[in-house]
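Take a look at the structure below.
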Amino acid sequence: MADVLLNIGSRGLAASHAALATVSHNVANASTPGYSRQEAVLASAGGAFEGGRFFGRGVEVAEVRRSYDRFLAAAVQSAASASAADAARADGLQQLDALFADADLGLGAALDDITGAAADLASHPADGAARQVFLARAAQFADRVRTFGRQVEAMTRQADARLANDARSVNQHVETVRSLNAVIAARSTEAAPNDLLDARDAAVQSLQALMAVQVLREPGGGYTLLAASGQPLLVGPRAYQLEAAQDPADPSRLALRLAGDTGARWLDAADLGGGRLAGTLTLRDQDLAAAGDALGRLAAATAQAFNAAHAQGVDAAGAAGQPLFEVPAPAVRGHAENRGAAAVGVAVTDALQWRASAYDVSWDGTEWSVCRLSDGQVRTGALPLAVDGFSFSVAGSPQAGDRWRVQPFAAAATGLAARPLDASQVAAGAPGAPVPAGDNRNALALAKVANGVLLDGGSLPQAWAGLLAEVGHRTQAAEAAADVSRRLQSDAQSRQQALAGVDLDEEAADLLRHQQVYQACARIVQASQSLFEALLSATGR
Amino acid sequence: MRIPTLQAARQWIESLSQRQAEQARLQDRIASGLRVGKPSDDPAAAAAAELARSGLRQLEQERRAAAVASGALEAADAALSRGIGVLQSVRELLVGAGNGSYGPAERQALAVQLRGARDDLLGLANATDPTGQGVFGPPGWQSAPAAPERRAGRDGQWLASLDGRAVFHDLPSGNGVFTTASAPANQGQGWIDVGTVVDASRLTSHGYQVILGGTPDAPTYSVQDTTTGATLAADQPWQPDKPLTIDGQQVRIGGTPAAGDRFTLASAPTRSVFDTLQDAIALLEGSPSPAAFHQGLQRTQAGLDRALDAFGQARTRAGESLRQVGAADDALAQGEIAAEAHRSSLRDLDLAAAIGEWQSAQTSGEAALRTYATAQRRSLFDLLG
């Protein structure tokens, strides 16, 4: 009988000790992010049939259970994914927004300076200094355009660098999950390895912050990871690499490529579904591209209008005005996988119809299509085809599936230059003026260029103001979206933590409780000891 | 719902950092004084403020152009008024020269004065405005075939220089319509006056010749149209100073012409005021016959009258334009004030409201800090032995 007491007592001690150890583990990890509260679940050790009765045999630790709900965890992960994507986009747009903040350093102010210099030239046509100032203001405009263009280009480069870095991080996290899968599978036959499971979930959480993944549970306890559009990232022991490589459509930037069993596949923002990679891609391909195209279009339209107006006049020697600005030509790049031998050309037909966009020209075997990338509108037909003020033409024979990326304005934003003219070459006079150096009629015309109808049915200053408004709207929208998704993430986290988080007060109460049980069980051992001694003293000498 | 320790701390830190971000944003606004600093603060207002700024620049530019135009016109007015004074004094001197009592010495002295006057006018023709540009045309306008007026202002609505050729050079001679002359081979002492137009509807641009004939007791005259060859009048009786009307033009021949003397009428070519003055100087310095002197004097006086007409007209024009520029400048000044106010209303911060907002944000921030400090200090562990 005494050994039963001793057994029950020692079992109770062991169980209480285990419970205390679990509570201590919880307390120690109260501030550990990603930790799920553990609980030693005690169960009765059953009964033994003795003497016609069932007598209880004490307590045992049935399991150490992790407070975990996979649906809550999944909700936190997908909210984190969305929040990371929105935050990446909002951050990038805030940087872009700050670029346009100072009105006196903007293109509108530079344009006003040129107009002012032309008007001053009209007031003093014979003054060499006024001519010099006009040329200087034109150069200043070109400088400022290049500054803006280069800043946007630098942000695009930063985005590319982030893509490369984050792709490497994705691979590291997938590798972590893979190795944890192996260890967990090995240990799961015995009991749930709670802390390894927490570690694996933390790795998946980090991965979700970079790109949205679907997590499937294998029967053996392993995780299978798929990209949002279904491509496998981790299946069993096999991990597929994600890398940032040169975009075949546009060698100047990077694109994401996921290795696969049937070949690599290029992922765009929709395929990624969320996470910082998707946010960065959206920022680069939609927001920064739109800003670059809009700046380039404004620069090209301004240069073209001033060149045309300047050519209408005569300089101090009576010669016709030479162009004021040098505008880089539209860039056409063939896709790296093109198999035909054709070259697509693009020429300017009507600057009034220009839209701020790049274009994709493709041949499907029967007809050509020109797709405007800013809004996805497609025009089909035979080349030469006139679209948005450009004429697209082809020379040579293409193969079905060949495509070209046409960027009419990207180079203008980074490469606009003022030509090095002499002060006497400023065409301030009208043709046929008896004294060309003193005539100011073309200078008056130059002063009116900026306010003519040139872009989107409005003037150049209106186009600039429109660009400011567009950047402001995008930034506001992105900030609002980031705010909402951050709140949703916080909310999901609260709910998950309500289940899995450690409350120190609760642990203190449990500590007290288990301590008391431990002390009580110690008393039982003491009691069994005294029973044994009583028995010994009763039977022994 | 359980609020675990870590979550409680997280939530509090998140709300604290949000408050701090909000305060920083308010401070930024107060420091810059702008409600719309970046486009994202208010995209529509940012675009409208940018257009307002551009409009303000244009108004400033217009005012500069108006200032240049009014400076030029004032300089033109001053130059023309001095020119009129010079011409009027020359006119008076020439009237005096018509007085028969002037001898060669007086005429020589008069010629010197006229030379001085001519130089004055040459100087005035090259007058410049405060910016150093020619008032009557660009540099070198005197030898150019034309000197178009320079205009200023965005639509070229203001005059900024006058047509120098119209004022100084392309002046009609004679009476403005036709000139008269004696043929050089005339033997007699007759002279023909400048002539007047009595019937403008009968004017042709033909040349005419009046030939005197007959005898000293019964002089006659004939009129021939030298352009068509037609004879308009033949051997009509004539006496000195009889008004002869030829196709709307009326002339008188006076003095004592001889038979066979011819006098011509022709369309008036243009002659510059300098040439007119030069004619007067040559007349005074030379020794022409009394008839030629009388005739020449009349010619130069007519030339000076035409010059005075031109100067007067130009001065009126300059005055009108100056008034126009002045009125426009006033309107522009008003426009500048309105545009500045509009831009300010779009962009600027209501400082009082912003400071109030910032202060209340500070107060609630402090309250949050205090509650956290109190609530988070105690846990059950502190109370357990």
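The values are calculated or read from the model by the stated rules, or taken from the named source; none is laboratory data. Everything numeric here is computed off the predicted structure, so don't read it as measured data. Ideal geometry is used to build each Cβ from the backbone, glycine not excepted, and the neighbour counts take in all protein chains shown.
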Yes/no for B:LEU308 being of a type in the set (A, V, I, L, M, F, W, C) and at pLDDT below 90: no
Counting only residues that are more than 13 Å from chain B (Cβ to nearest Cβ), aliphatic (A, V, I, L, M), surrounded by 17 or more Cβ atoms within 10 Å (Cβ to Cβ) and closer than 28 Å to A:ASP69 by Cβ, how many does the range A:19-51 have? 4
Filtering the range A:305-332 down to residues that are aliphatic (A, V, I, L, M) and within 27 Å of A:ALA410 (Cα to Cα) yields A:ALA305, A:ALA308, A:ALA309, A:ALA311, A:LEU324, A:VAL327, A:ALA329, A:ALA331, A:VAL332
If you check B:GLN11 against the conditions, is it more than 14 Å from B:HIS342 (Cα to Cα) and crowded, with 18+ Cβ neighbours inside 10 Å? no
Could you pull out the residue among B:ASP261, B:ASP279, B:ASP330, B:ASP275 that is under 30 Å from B:ILE246 (Cβ atoms) and surrounded by fewer than 17 Cβ atoms within 10 Å (Cβ to Cβ)? B:ASP275
Scan the range B:14-23 and give yes if some residue there is within 10 Å of chain A (Cβ to nearest Cβ), of a type in the set (D, E, K, R) and without any contact (Cβ under 8 Å) to a residue 12 or more places away in the chain, otherwise no. yes
If B:ASP120 satisfies every condition in (1) touching a residue at least 60 places away in the same chain (Cβ under 8 Å); (2) farther than 18 Å from B:GLY296 by Cβ; (3) in a helix (DSSP H, G or I) but one, which is the exception? (1)
Would you be able to tell me the number of residues in the range B:34-45 that are touching a residue at least 60 places away in the same chain (Cβ under 8 Å) and either within 7 Å of chain A (Cβ to nearest Cβ) or not in a helix (DSSP H, G or I) (or both)? 3
Six or more apart or on different chains, Cβ under 8 Å: which pairs go from a residue in the range A:243-258 that's surrounded by fewer than 17 Cβ atoms within 10 Å (Cβ to Cβ) to one that's not β-branched (Val, Ile, Thr) and not in a strand (DSSP E or B)? Could you list them? A:GLN246/A:ALA336; A:PRO251/A:ALA336
Show the residue pairs meeting these rules: Cβ distance below 9 Å; 6+ apart or different chains; first residue within the range B:183-200 and farther than 15 Å from B:ILE211 by Cβ; second residue charged (D, E, K, R) and modelled with pLDDT of 85 or more. B:ASP193/B:ASP241; B:ASP193/B:ARG252; B:VAL194/B:ARG299; B:GLY195/B:ARG252; B:ASP199/B:ASP247
Residues located in the range B:191-210, provided they are outside any loop (DSSP other than H, G, I, E, B) and surrounded by fewer than 20 Cβ atoms within 10 Å (Cβ to Cβ): B:THR196, B:VAL197, B:ALA200, B:SER201, B:ARG202, B:GLN209
Does any residue of the range A:431-439 turn out to be in contact (Cβ under 8 Å) with a residue 24 or more places away in the chain, charged (D, E, K, R), within 22 Å of B:GLY156 (Cα to Cα) and out of contact with any Leu (no Cβ under 6 Å at 6 or more places or on another chain)? yes
Criterion first (small (Gly, Ala, Ser) and not in a loop (DSSP other than H, G, I, E, B)) does B:ALA105 satisfy it? yes
Number of positions in the range A:361-401 that are in contact (Cβ under 8 Å) with a residue 60 or more places away in the chain and either of a type in the set (A, V, I, L, M) or touching a Leu at 6+ places or on another chain (Cβ under 6 Å) (or both): 1
Return a yes/no flag: does the range A:92-109 have any residue that is more than 8 Å from chain B (Cβ to nearest Cβ), small (Gly, Ala, Ser) and farther than 25 Å from A:ALA228 by Cα. no
Can you name the condition, by its number, that A:ASN442 falls short on among (1) facing another protein chain (nearest Cβ under 7 Å); (2) in contact with a His (Cβ under 9 Å, 6 or more places away or on another chain); (3) of a type outside the set (D, E, K, R)? (1)
Give, as residue ranges, the strands (runs of 3 or more DSSP E) completely inside the range B:211-294 that count at least 1 residues that are of a type in the set (Gly, Ala, Ser). B:219-225, B:231-237, B:249-256, B:262-267
State all residues of the range A:432-457 that are of a type in the set (A, V, I, L, M), over 50 Å from the mean Cα position of the chain (by Cα) and part of a loop (DSSP other than H, G, I, E, B); if no residue qualifies, say none. A:ALA433, A:VAL435
Quick check on A:ALA142: is it under 34 Å from the mean Cα position of the chain (by Cα), surrounded by fewer than 21 Cβ atoms within 10 Å (Cβ to Cβ), part of a helix (DSSP H, G or I) and small (Gly, Ala, Ser)? no
Please pick out the residue among A:ALA480, A:ALA509, A:ALA492 that is surrounded by fewer than 19 Cβ atoms within 10 Å (Cβ to Cβ), more than 7 Å from chain B (Cβ to nearest Cβ) and not acidic (Asp, Glu). A:ALA480
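Quick check on the range B:131-181: of everything there that is touching a Phe, Trp or Tyr at 6+ places or on another chain (Cβ under 6 Å) and at the interface with chain A (Cβ under 10 Å from one of its Cβ atoms), which residue is surrounded by the most Cβ atoms within 10 Å (Cβ to Cβ)?
B:ALA152
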Filter the strands (runs of 3 or more DSSP E) completely within the range A:300-367 down to those with at least 1 residues that are surrounded by fewer than 18 Cβ atoms within 10 Å (Cβ to Cβ) and acidic (Asp, Glu). A:359-363
Quick one: is B:ALA49 touching a Lys or Arg at 6+ places or on another chain (Cβ under 6 Å) and within 9 Å of another protein chain (Cβ to nearest Cβ)? yes
Can you list residue pairs whose Cβ atoms sit under 8 Å apart, with the first residue in the range A:111-129 being within 8 Å of another protein chain (Cβ to nearest Cβ) and in contact (Cβ under 8 Å) with a residue 12 or more places away in the chain and the second being among the hydroxyl-bearing types (Ser, Thr, Tyr) and not in a helix (DSSP H, G or I)? Count only pairs 6 or more apart in sequence or on different chains. A:SER123/B:THR131
